[in-house]
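Structure, as structure tokens:
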2 protein chains.
Amino acid sequence: MDMHTLTRDLMAKNQSKIVMLVGDGLGGLPMTPGGKTELETASTPNLDALATKGVQGLSIPVKPGIAPGSGPGHLGLFGYDPLRYQIGRGALEATGIGFQMQPGDVAIRCNFCTLDAQGNIADRRAGRIPTEESAPIAISLRAIKIPGIEIFVEPVKEHRFVVVFRGEGLSGDVKDTDPQATGVPPLDPVAENPASQKTAEVAKEFLRQARELLKDQPKANFHTMRGFASRPDMPSYLEVYGLRAAAIAVYPMYKGLASLVGMDIVGDATTLDEQMQVLRDNWDKYDFFFIHFKYTDSTGEDGNFAEKVARTEQLDACIPAINALGPDVLIVTGDHSTPAYLKSHSWHPVPTLLVSDCCRPDPHTSFGETTAITGGLGQFEAQYLMLLALSNAGRLGKFGA
Amino acid sequence: MDMHTLTRDLMAKNQSKIVMLVGDGLGGLPMTPGGKTELETASTPNLDALATKGVQGLSIPVKPGIAPGSGPGHLGLFGYDPLRYQIGRGALEATGIGFQMQPGDVAIRCNFCTLDAQGNIADRRAGRIPTEESAPIAISLRAIKIPGIEIFVEPVKEHRFVVVFRGEGLSGDVKDTDPQATGVPPLDPVAENPASQKTAEVAKEFLRQARELLKDQPKANFHTMRGFASRPDMPSYLEVYGLRAAAIAVYPMYKGLASLVGMDIVGDATTLDEQMQVLRDNWDKYDFFFIHFKYTDSTGEDGNFAEKVARTEQLDACIPAINALGPDVLIVTGDHSTPAYLKSHSWHPVPTLLVSDCCRPDPHTSFGETTAITGGLGQFEAQYLMLLALSNAGRLGKFGA
């Protein structure tokens, strides 16, 4: 059963404030046997004080053993079953550059390629053309006009760009045009079902005009289209939880993910301190605040244990600014683990802390992977965290009489 | 997958006895930071002795963060997925006064109302007419006769009573007749699907006769009908578990819930001591005993921490009487938490204890919310508790070869 069926039915409104502070990739591993994790190594007096008052546990982002990307990692935290709500590659790429897709939009990942004189693909990535060369070429494709369709073309990096079609009757089930080989021509876009027929036709016309516009380019004289995807049809935070929600993030991907669930993207902070100022500025306007901190993940991906420790301490240092606002529920968690030891996202469950005046505290006085094992929240799937947030905020009525 | 598909297939019969002792609302919270819960404050030497021999853990009534009513709370303990088996309002009201619904019955919550001379509702609750006035009026409606339909009319409290229709071809999808407003006439009962057409017609005829019978009443000169509901179609304990089950409860609601899953309601005890006598009297006749103790919930709802502690000690004191009978499996749990701190049902998982000669004991020597966090049963959804009961009783065969 979809938990949103329950939350829609049981939601109760009040004046409470919920803050979810997400340290991306928060969970870690020891670098040596018997060692401590990044979080356990860091000096985190503020998180430890929260642990003393609150309850901790381990959040399983999707299912045990599954390492998620940023998309499913965050959807789980937001309470959307990440196995049900899958974000197609094109939609994730568009979201990742901060493009706010609307229902009915279809997004497509495009790669510039080099065609030879016979029209066969000589290079599937146009010589990995540098961004400073490719971006203006991508922008030149904004000249393409197709009646009844609004077209967005956004440069990404090197040979990559994103195209979004907006119009009536579009659906995302269209096959890739990249033949995954050289010496053969690109494929035509082919609809996989009748509902996507119009999208295939629009894509074909786009490609026809692009071929003409690009024909004199030395490297990027054509492009392929991959990962056609509709915007995932996700109900909003307001609809399923009754929460006016704000996202305070620095990076486009996380703003994009938050916008998919109907959060407002507030402020244009570039540091955690600025994010705290945005939080203060918007405190009265929203019920729920998602605050995203990227660097616990990026330092983990770099395999830089010491730097991840330092970034974790930076995350800890923002807690007093949040506490000063008096949130009714404060949650500190991560969308997944990114152990420096693995230099990648991992499947390890994520230390998660919840503080409210009606949580049932556990005996722990510090916050880390080891204490979380015996924390009062136990191990739980991330998709249930929002239920705990709502109930601790007094925003969820009783189920059944 | 429905667990009953498994239990039907794997059930094994033997002479074992299972006792499930339910302290309603057993779980609690500390009243002050760093304090103990009600269960942890109570002196419970018998429960602690069971904890030493047995294994404990935390039962999640429905899903994390969901506070259940008595209905879903008990259905979970009985092993029936509480999200699948939802009890409609009329059926719960009938069940709550101990009416034993049969398959095909439709129950309806009725409110006496006052109509003005034009037939518009002047008071939706007939002036909250006191029970001693309303009960005889409700009983007078037993004079209503409709061919082919057996009709039950049961007083509840003040302006409320319950009507149950029994007959062929009835279904519960009929709209409320209460317009939720005054100055307008009551609505006609309208079927929401063809299967409920007959119910709507029966209800209309019931209302026609009731209007005639009530027309000279000063306050309760008509009534509305709300929450039409069929008996939830639940398989019985005997069918899904192979258990002859007895319920030993004091309050009608819990007798009603037990009867929904096919338990026999035995005895008419009004105290825990009398319940123990009923247990002894019926020991040879049944395989499974559900013993319900209300006062850990009602004292929690009252916000009376000290009294909940005292009632918990009373629950503890009945353990020797159960032990004396030598049950093969003894479970002590609750249908949900009712912390005195919150004065209401809550979502916090419920300390649960299981003792059998083949449970895998954990190191704990006392029973409480904190020890349960690190108990051997872990955190589990209540709907799996019956599987543990059956396997510990040797009543569940191996799944697959």
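With its label point put 7 Å out from Cα toward Cβ, A:GLN379 sits 1.2 nm from the same residue's point in the other copies, in order from shortest.
With label points defined 7 Å past Cα in the direction of Cβ, position A:GLU205 shows copy-to-copy spacings of 6.4 nm, given to one decimal and shortest first.
The helix-based estimate of mean residue ellipticity at 222 nm for the protein assembly as shown, built from -39,500 (n - 2.57) per DSSP H run of four or more residues and divided by its residue count, is -9000 deg cm²/dmol to the nearest 500. Centre-to-centre, using Cα atoms only, the stretch B:17-72 and the stretch B:364-401 are separated by 14 Å.
Taking the Cα centre of the stretch B:92-230 as reference, the dipole from Cβ charges on Lys and Arg (+1) and Asp and Glu (-1) amounts to some 160 debye.
Scanning residues 5 or more positions from A:PHE222 or on other chains, those with amide H under 5 Å from its amide H are A:CYS113, A:LEU115, with H placed 1.01 Å from N in the peptide plane.
So how do B:69-78, B:236-245, A:150-159 stack up, highest first, on mean other-Cβ count within 10 Å?
Numbers: B:69-78: 27.6, B:236-245: 20.3, A:150-159: 17.5.
Result, highest mean Cβ count within 10 Å first: B:69-78, B:236-245, A:150-159.
Rounded to the nearest 20 debye, the dipole size of the protein assembly as shown about its Cα centre is 1000 debye, using +1 on the Cβ of Lys and Arg and -1 on the Cβ of Asp and Glu. Taking the charge dipole of the stretch A:92-230 about its Cα centre, with +1 at Lys and Arg Cβ atoms and -1 at Asp and Glu Cβ atoms, the residue from A:ILE149, A:THR131, A:HIS223 reaching farthest to the positive side is A:THR131.
Taking other residues whose beta carbon is less than 13 angstrom from the beta carbon of B:GLY54, and scoring Lys, Arg as +1 and Asp, Glu as -1, yields -2.
Holding the Cα-Cα limit at 23 Å, pick out from A:LYS13/B:LYS294; B:LYS145/B:LYS204; B:LYS17/B:LYS308; A:LYS145/A:LYS215 the pairs that are longer than that. Provide the component values of the computation, followed by the final result.
Working: A:LYS13/B:LYS294 30 Å; B:LYS145/B:LYS204 13 Å; B:LYS17/B:LYS308 29 Å; A:LYS145/A:LYS215 17 Å.
Beyond 23 Å: A:LYS13/B:LYS294; B:LYS17/B:LYS308.
Under 5 Å between amide hydrogens, built in the peptide plane, is the criterion, and for A:LEU396 it picks out A:ALA12 among residues at least 5 positions away or on other chains. Taking the label point 7 Å along Cα→Cβ, A:ASN14 and its counterparts in the other copies are spaced 4.8 nm apart, in ascending order.
When chain B is turned onto chain A, its residue with the beta carbon nearest the axis, and that distance in whole angstrom, is B:THR374, 3.
Each residue of the stretch A:104-117 is assigned a 3J(HN,Hα), and the resulting list reads x, 5, 10, 10, 9, 7, 10, 10, 4, 9, 10, 9, 8, 4 Hz, derived from the Karplus form 6.51 cos²θ - 1.76 cosθ + 1.60 (θ = phi - 60°), x at Gly and Pro. If both residues of a DSSP beta bridge must be in chain A, then about 60% of such bridges are antiparallel.
Using the Cα centre as the reference, give the magnitude of the dipole from point charges on the C-beta atoms of chain B (Lys, Arg: +1; Asp, Glu: -1; all else neutral), rounded to the nearest 20 debye. Walk me through the numbers before you get to the answer.
Values: 37 positive and 47 negative charges, 106 e Å.
For chain B, the charge dipole is close to 500 debye.
By the scheme Lys and Arg +1, Asp and Glu -1, what is the net charge of all other residues having a beta-carbon under 13 Å from that of B:LYS285? Could the numbers behind the result be given before it?
Numbers: positive: B:LYS17, B:ARG244, B:ARG280; negative: B:ASP264, B:ASP281, B:ASP284, B:ASP287.
My count for the surroundings of B:LYS285 gives -1.
For the peptides B:310-321, B:268-279, residues were scored by their other Cβ atoms within 10 Å and the scores averaged per peptide; the highest-first order is B:310-321, B:268-279. Can you find, among A:TYR237, A:LEU353, A:PHE165, the residue sitting farthest towards the positive end of the charge dipole of the protein assembly as shown, where Lys and Arg contribute +1 and Asp and Glu -1 at Cβ? The Cα lying farthest towards the positive end belongs to A:PHE165. By DSSP, what percent of the beta bridges with both residues in the protein assembly as shown are antiparallel, rounded to the nearest 5? So the antiparallel bridges in the protein assembly as shown amount to around 60 percent. For A:ASP123, the residues whose amide H sits under 5 Å from its own are A:THR114, ignoring neighbours fewer than 5 places away on the same chain, with H placed 1.01 Å from N. Counting charges near B:CYS358 (Lys, Arg +1; Asp, Glu -1) among other residues having Cβ under 14 Å from its Cβ returns a value of +1.
Relative contact order, whole percent, for the stretch B:92-230 stands at 33, derived from Cα pairs under 8 Å and 6 or more residues apart. Mean partner shielding of peptide A:48-58, defined as the number of other chain Cβ atoms within 10 Å of each residue Cβ, is 1. Computed from phi, the 3J(HN,Hα) profile of the stretch B:327-342 under the Karplus parametrisation 6.51, -1.76, 1.60 (θ = phi - 60°) reads x, 6, 9, 10, 10, 10, 7, x, 7, 5, 8, 9, x, 4, 4, 9 Hz, with x in place of Gly and Pro.
Could you work out the mean count of beta carbons from other protein chains within 10 Å of each residue's beta carbon in B:30-41? List each step's numbers first, then the result.
Numbers: counts 2, 0, 0, 4, 4, 1, 0, 1, 0, 0, 0, 0.
That works out to 1 on average.
Each part reduced to its alpha carbon centroid, the stretch A:301-335 and the stretch B:309-331 end up 47 Å apart. For A:LYS343, a cut-off of 12 angstrom between C-alpha atoms picks up these aspartates and glutamates, skipping any fewer than 8 places away in its own chain: A:ASP297, A:GLU301, A:ASP302.
Taking every residue in B:333-345 and counting other chain Cβ atoms within 10 Å of its Cβ, the average works out to 1.
Only the coordinates and a few stated rules stand behind these numbers; no lab work does. All values reported here derive from a predicted model rather than from experimental measurement. When we count neighbours, we look across all protein chains shown, and the Cβ atoms used for this are built from the backbone with ideal geometry, even at glycine.
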